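Following: one structure in structure tokens, then a few remarks.
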Amino acid sequence: MNILIAYWSGTGNTEAMANAVAQGVEKAGKHADVVHVADQPDVSAYDYIIFGCPAMGAEVLEESEFEPFFMQAEGTLMNKKVALFGSYGWGSGEWMQSWEERVEAAGANLFENGLIINYTPDADGLDACESLGERFANA
């Protein structure tokens, strides 16, 4: 099982979430490559992908690095299992709903609803991230 956790983080919140998701994958006895999108991971080389990005501005994905990365990745998601997570500080989570729709429109198999954490993940938030990783790896 080749799992990629590709994320963007500006303040460290989404990075902390990515690392907790990876701990959950490891807890399930599997391994995930955890890569910041600036390092341009090859999404096409993975069948199981977990993307992490916070909400920015008017509830959109980060626009300078993550959005261009994700636009390229969308063309490689057909029939792949994909999970989403991210942090936000305002709004209703509309960015996550839009992101889920994009993943499904790309032909991916969306795993659950995206996990969103308000601001900095606390212990319960990090536990939720770890649980997501474990469930994803075991599904």
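Numbers below:
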{"item": "Residues of the stretch 73-93 that turn out to be out of contact with any strand residue (DSSP E or B) (no Cβ under 8 Å at 6 or more places or on another chain), farther than 15 Å from residue 48 by Cβ and surrounded by 13 or more Cβ atoms within 10 Å (Cβ to Cβ), as a count", "result": "1"}
{"item": "Some residue of the stretch 6-24 being closer than 22 Å to residue 107 by Cα and either open to solvent by 20 Å² or more (accessible area, probe 1.4 Å) or touching a helix residue (DSSP H, G or I) at 6+ places or on another chain (Cβ under 9 Å) (or both)", "result": "yes"}
{"item": "Pair list, Cβ < 8 Å and 6+ apart or interchain, from the stretch 40-51 residues that are in contact (Cβ under 8 Å) with a residue 12 or more places away in the chain and in a loop (DSSP other than H, G, I, E, B) to residues that are open to solvent by 40 Å² or more (accessible area, probe 1.4 Å) and of a type in the set (D, E, K, R)", "result": "41/33; 46/33"}
{"item": "So residue 69, is it touching a residue at least 60 places away in the same chain (Cβ under 8 Å), more than 18 Å from residue 2 (Cβ to Cβ), aromatic (Phe, Trp, Tyr) and part of a strand (DSSP E or B)", "result": "no"}
{"item": "Every residue from the stretch 110-139 that is open to solvent by 70 Å² or more (accessible area, probe 1.4 Å) and in contact with a helix residue (DSSP H, G or I) (Cβ under 9 Å, 6 or more places away or on another chain)", "result": "112, 113, 118, 119, 120, 127, 135"}
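The values are calculated or read from the model by the stated rules, or taken from the named source; none is laboratory data. Remember, predicted model here, so these are calculated numbers, not experimental data. Here Cβ is always computed from backbone atoms with ideal geometry, including for glycine, and neighbour counts include all displayed protein chains. For accessibility, only protein heavy atoms count, side chains too; no ligands or nucleic acids. Shrake-Rupley method; radii C 1.70, N 1.55, O 1.52, S 1.80 Å.
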